[in-house]
Amino acid sequence: MTATSHDPAPQLVHQASPDADWWRSAVIYQVYPRSFGDADGDGMGDLPGITERLGSLAELGVNAVWLSPFYRSPQRDGGYDVADYRDVDPRFGTLADADALIARAHELGMRVIVDLVPNHTSDQHAWFRQALADGPGSPARARYMFREGNGEYGEEPPNNWQSVFGGNAWTRVCDRPDAAGSSWERDGQWYLHLFDTSQPDLNWDSAEVHAEFRSILRFWLDRGVDGFRVDVAHGLVKAPGLPDWTGQVRMVEGTEVAEGIAADEDTVPLPDADDATDHSPMFDQDGVHEIYREWREVLEEYDADRILVAEAWVEPLERLARYVRPDEMHQAFNFDFLVTRWQAPELRESIIGSYAANDAVGAPTTWVLSNHDVVRHASRLGLAETGKGPNGIGAEDPQPDAELGLRRALAGTLLMLALPGSAYLYQGEELGLPEHTTLDDSLRQDPAWWRTGHAEKGRDGCRVPLPWLSDAPAFGFSPTGKSWLPQPDSWAQLARDVQERDPGSPLNLYRRALELRDQLGLGTGSLETLPLGEHVVAVRNTTQGRPAVIILTNLGTESVPLPDGEVLLASGPLAEEGVPTDTTVWIQGTN
Ligand code: NOJ
């Protein structure tokens, strides 16, 4: 297919980096420990269950594994409520199991990234228990965000902030232990929690908090981990004086809207849309960058290979790029790409904008379509409205078109895996797993489900344990058949063993894509956009020593002509007329 004379010329949007660091082009696979593999049969995944299945990830062809938290935790937020940062929760195993996992991954040639949760601890953390016991004005309280309440008796929260999970961001404590049980039980100070009540925010003005996290970094670096995914990296520092703010920040997309997600209207005043200010005082404050400079220095004491990855819902992309300046973090998740609607102009814009922002600071661009906080992309892309999607889908909600969703998901993945930079995969997406959209409400565990007064279904539907064997109890997840969330019966056909035998399965497409990406060095190439039509995303990935690879995704309603060259891979069957709707092809040209 040739561009017509009025089409703009191909545009160089990314020049390959001269640096060859592993993390600039790595494919990193997210393991959600609760749901990957269960060795001890209690229905909850564990570290030995991961270690014994690591071979399957090496075979898939990923370069690194990122583990969501496995630390000691009451699991009020799936482990993002940490009670002890230096220990493994007994549900998941022991420190020796963590060592064995790291060693096995390294043996198999994969790096290991662990999750670091510095914005808040669990309310069961020794520090928080001490803060409650020691009372107002104590050094223990100074590690958290305790404040006096407003109102005559301090009965009003210190400001009007809302929790990301819905509801008030402040909880009042009892400061008269003798009064426990009486109507005066909660007569004390308030503590801030941007998430659940069980996740008190740390005070990052405290030198002790800084020292503690430097020490935690060293604890895990000494055990051999290759990096940290930093939870809520944009949240640690709050605006001085904690000013009122009537906006509401949405998880992952970060949009600071004022409409509010809190639906528990009895207890939670919804913010007023007209009062929203531009920028939230709880997120993306300039002070956070000092922290990452400090941490970068700690990492540099080890070797140049350890990394920090920012989970920061920050807009616009230029603002996010500040987290990956040369003396800060190495990567930041590209949620802009994840939340982009299934529309060619918007996807093109996201791709071009991502390179512009990251290249300006010398950082790699990352790509991601699914994780443990969003509806799986095989379902999200099958909804009438694509984009970030709802926070969970329930049986009575409009259901995704499964076939359409999967077709688009595979097309989106093939596009993403051909782009220079580092790509993140979420466990199960290689099986084309959909969201569990009919989960019984009584089984939901996500705090967002409770805190929004059930207005949001929450994230349980993307966290269902993986199907490994079609014909085994719990589809091979657990030897006893127990599973902390039930797996849909239809997942028998999606089990890994079935897909291994089927050359046309999503699993084999992912394997082949990762193999070709590696062989062709797609992750380290330069990229041009090609003007092949309004409803098409077309790019050319070039690098010295091999012919260019054209990647074309058709998001229009008609097939589009196949560019000249050899078809290396396609996300679905090709038509005689060319590339069908919702299909991606990789084509190797002759130049
Ligand atoms: C982001 C994590 O990905 C999410 O799962 C968690 O609930 C929040 N941070 C709070 O830690």
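The residue list A140, A126, A100 contains one member that is of a type in the set (A, V, I, L, M, F, W, C), more than 19 Å from M282 (Cβ to Cβ), free of Cβ contacts under 8 Å to residues at least 24 places away in the same chain and surrounded by fewer than 23 Cβ atoms within 10 Å (Cβ to Cβ), which is A140. Within region 326-371, the set of residues being within 20 Å of the chain's Cα centre (by Cα), part of a loop (DSSP other than H, G, I, E, B) and more than 16 Å from the ligand (Cβ to nearest atom) comprises E328, H330, T340, R341, W342, A363, P364, T365.
Name the one entry in L414, L404 that is more than 16 Å from the ligand (Cβ to nearest atom), in a helix (DSSP H, G or I) and buried (at least 21 other Cβ atoms within 10 Å of the Cβ). Being more than 16 Å from the ligand (Cβ to nearest atom), in a helix (DSSP H, G or I) and buried (at least 21 other Cβ atoms within 10 Å of the Cβ) holds for just one of L414, L404, which is L414.
Condition check ((1) crowded, with 19+ Cβ neighbours inside 10 Å; (2) part of a loop (DSSP other than H, G, I, E, B)) across all residues:
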| site | (1), (2) |
| --- | --- |
| T480 | no, yes |
| R512 | no, no |
| G533 | yes, yes |
| E558 | no, yes |
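Checking each residue in region 75-98 for being under 20 Å from G49 (Cα atoms), in a loop (DSSP other than H, G, I, E, B) and not aromatic (F, W, Y) picks out Q75, G78, G79, D89, P90, R91, G93, T94.
Conditions tested, residue by residue: (1) aromatic (F, W, Y); (2) over 21 Å from A131 (Cα atoms); (3) surrounded by fewer than 19 Cβ atoms within 10 Å (Cβ to Cβ); (4) in contact with a Pro (Cβ under 6 Å, 6 or more places away or on another chain).
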site: E152; (1), (2), (3), (4): no, yes, yes, no
site: H193; (1), (2), (3), (4): no, no, no, yes
site: L202; (1), (2), (3), (4): no, no, no, no
site: E212; (1), (2), (3), (4): no, no, yes, no
site: D226; (1), (2), (3), (4): no, yes, no, no
site: A239; (1), (2), (3), (4): no, yes, yes, yes
site: P243; (1), (2), (3), (4): no, yes, yes, yes
site: V249; (1), (2), (3), (4): no, yes, no, no
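Can you find even one residue in region 373-386 that is over 18 Å from Q427 (Cα atoms) and either of a type in the set (F, W, Y) or within 16 Å of the ligand (Cβ to nearest atom) (or both)? Checking region 373-386: not a single residue is over 18 Å from Q427 (Cα atoms) and either of a type in the set (F, W, Y) or within 16 Å of the ligand (Cβ to nearest atom) (or both).
L439 falls short on exactly one of the conditions (1) surrounded by fewer than 24 Cβ atoms within 10 Å (Cβ to Cβ); (2) in contact with a Gly (Cβ under 9 Å, 6 or more places away or on another chain); (3) in a helix (DSSP H, G or I); (4) at pLDDT 95 or above, and that condition is (3).
For region 144-250, which strands (runs of 3 or more DSSP E) that fit wholly inside it have 1 or more residues that are more than 14 Å from the ligand (Cβ to nearest atom) and more than 21 Å from V117 (Cα to Cα)?
170-172, 190-192
If you check E253, E311 for being at pLDDT below 95 and not β-branched (V, I, T), only one passes: E253.
Can you find a residue that is over 27 Å from G523 (Cβ atoms), outside any helix (DSSP H, G or I) and not aromatic (F, W, Y) anywhere in region 50-61? Yes - at least one qualifying residue is present in region 50-61.
The values are calculated or read from the model by the stated rules, or taken from the named source; none is laboratory data. As the structure is a prediction and not an experimental result, all values here were calculated from the model. Neighbour counts run over all protein chains shown; Cβ positions are idealised from the backbone, glycine included.
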